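Data block below; observations after.
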Amino acid sequence: MMKAAVVLATLALLAFHPSLAQAQSLILDDSLRGSTTGTQGGGAFQANGWRVTNKNDFIYWRVPALTAGAVEWSVSGLRSNDDRPEGADKNEIFHMYDWTYNNADTVYDGYRNGPYKHFIRKTNVLDPARMDSLELVWVIAPNYTEPDTAILSWNPAITYRFREEWGPDGAGNSEIRTYRDGTLIMTMSVPGTWNPGGHSIRIAASTRAPLYADFGASVDAVYSDVKVWSMSGNTRDNPNGNGSLNDSVTDQCGCASVGADRAPFWIVLSLVAALLVLVRRRV
């Protein structure tokens, strides 16, 4: 009787919260402490990760093409109101793209004009109206979107944990969500399927950085703990519990919202616990 109840409770949890059952496979795990499994261009390894020493520094990894996936990384050293000349326009933080398009890992035209492209950049003092926001792009050619987040707080002493999830939405579009420290800061969606011929994940500078004196990676930023997952199905649920379309989410204003079509996880857990207590008493 008890075993049957446990099985039923587990099935109830998964029914109410499918993200718990969502398959995900870790395909990249690079701490960046002392070395990297990626291709490095500049920077310096130290005890807490890889430090940017020049605005053109980068690391990239070639991973399997992931129609649905997730990536996380940690970064510190990002400054508010950053007026340093080498990054007064924008600081590059993160990128994904199709490396097979005109050698995009090393050729700017390939990076700039590729059919699959995503980046995150921090806007600095040359654009006062948007300073300290993030500029993002999501390209599945010929469709694209290029929004900005709200203006965010930054402190170089704080290590921020970013997470991004992408995949089909079931309606012919591909969606990508960006989280900072568990808070959803941007959702982008365009028609089509993210399916690059070759998939590169990149931190810090792109091939654009050497062409502009006031643009590139944030000098003294420290990156660590880069992870990439392949995810089955779509990205409508966040397996790390950082928020999803139908689950409790903390948005940019810090307000909590709960999807109307699914019970919050803690309610489901309470119901299952109560069910187990009743079964135990009857036994």
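The values are calculated or read from the model by the stated rules, or taken from the named source; none is laboratory data. Just so it is clear, the model here is predicted, and its values are computed rather than measured. Cβ placement follows ideal geometry from the backbone for every residue including glycine, while neighbour counts extend to all protein chains displayed.
Any residue in the range 198-219 that is closer than 24 Å to Asp29 by Cα sitting within a Cβ distance under 8 Å of a residue that is in a loop (DSSP other than H, G, I, E, B) and among the aromatic types (Phe, Trp, Tyr)? List the pairs, counting only those 6 or more apart or interchain.
Gly198/Trp99; His199/Trp99; Ser200/Trp99
Just checking, does the range 95-103 include any residue being among the aliphatic types (A, V, I, L, M), modelled with pLDDT of 95 or more and out of contact with any helix residue (DSSP H, G or I) (no Cβ under 9 Å at 6 or more places or on another chain)? Write out each step before concluding.
Initial filter on the range 95-103 (among the aliphatic types (A, V, I, L, M)): 96.
Filter again for modelled with pLDDT of 95 or more, leaving 96.
Keeping just the survivors that are out of contact with any helix residue (DSSP H, G or I) (no Cβ under 9 Å at 6 or more places or on another chain) gives 96.
For the range 95-103, residues among the aliphatic types (A, V, I, L, M), modelled with pLDDT of 95 or more and out of contact with any helix residue (DSSP H, G or I) (no Cβ under 9 Å at 6 or more places or on another chain): present.
Answer with yes or no whether Leu152 is under 22 Å from Ala213 (Cα atoms) and not β-branched (Val, Ile, Thr).
Numbers: under 22 Å from Ala213 (Cα atoms): no; not β-branched (Val, Ile, Thr): yes.
No, not satisfied.
Go through the range 115-131 and count every residue that is touching a strand residue (DSSP E or B) at 6+ places or on another chain (Cβ under 7 Å) and in contact (Cβ under 8 Å) with a residue 40 or more places away in the chain. Walk me through how you get there before you give the answer.
Of the residues in the range 115-131, the ones touching a strand residue (DSSP E or B) at 6+ places or on another chain (Cβ under 7 Å) are 115-124, 130-131.
Then drop every residue that is not in contact (Cβ under 8 Å) with a residue 40 or more places away in the chain, which leaves 115-116, 118-120, 122, 124, 131.
Of the residues in the range 115-131, 8 are touching a strand residue (DSSP E or B) at 6+ places or on another chain (Cβ under 7 Å) and in contact (Cβ under 8 Å) with a residue 40 or more places away in the chain.
Which pairs do you get when a residue that is in contact (Cβ under 8 Å) with a residue 60 or more places away in the chain and under 24 Å from Gln46 (Cα atoms), found in the range 64-87, comes within reach of a residue that is outside any strand (DSSP E or B) and among the polar types (S, T, N, Q), reach meaning Cβ atoms under 6 angstrom, with the pair 6+ apart or on two chains?
Short answer, once both residue conditions are applied: Ser74/Thr159; Ser76/Thr159; Leu78/Ser218; Asp82/Asn124; Gly87/Asn124; Gly87/Ser218.
Go through the residues of the range 145-158 one by one and say whether even a single one is crowded, with 16+ Cβ neighbours inside 10 Å and touching a Pro at 6+ places or on another chain (Cβ under 8 Å).
no
Tell me which residues, restricted to the range 46-65, are hydrophobic (A, V, I, L, M, F, W, C) and surrounded by 22 or more Cβ atoms within 10 Å (Cβ to Cβ).
We begin by selecting, within the range 46-65, every residue hydrophobic (A, V, I, L, M, F, W, C); these are 47, 50, 52, 58-59, 61, 63, 65.
Passing the criteria: Trp50, Val52, Phe58, Ile59.
Can you tell me how many residues within the range 184-235 are part of a helix (DSSP H, G or I) and either charged (D, E, K, R) or surrounded by fewer than 21 Cβ atoms within 10 Å (Cβ to Cβ) (or both)? Steps first, please.
Initially, the range 184-235 is screened for residues part of a helix (DSSP H, G or I), giving 209-211.
Within this subset, residues satisfying the condition of being either charged (D, E, K, R) or surrounded by fewer than 21 Cβ atoms within 10 Å (Cβ to Cβ) (or both) are 210-211.
Total satisfying the criteria: 2.
Any chance you could count how many residues in the range 71-114 are hydroxyl-bearing (Ser, Thr, Tyr) and in a strand (DSSP E or B)?
3
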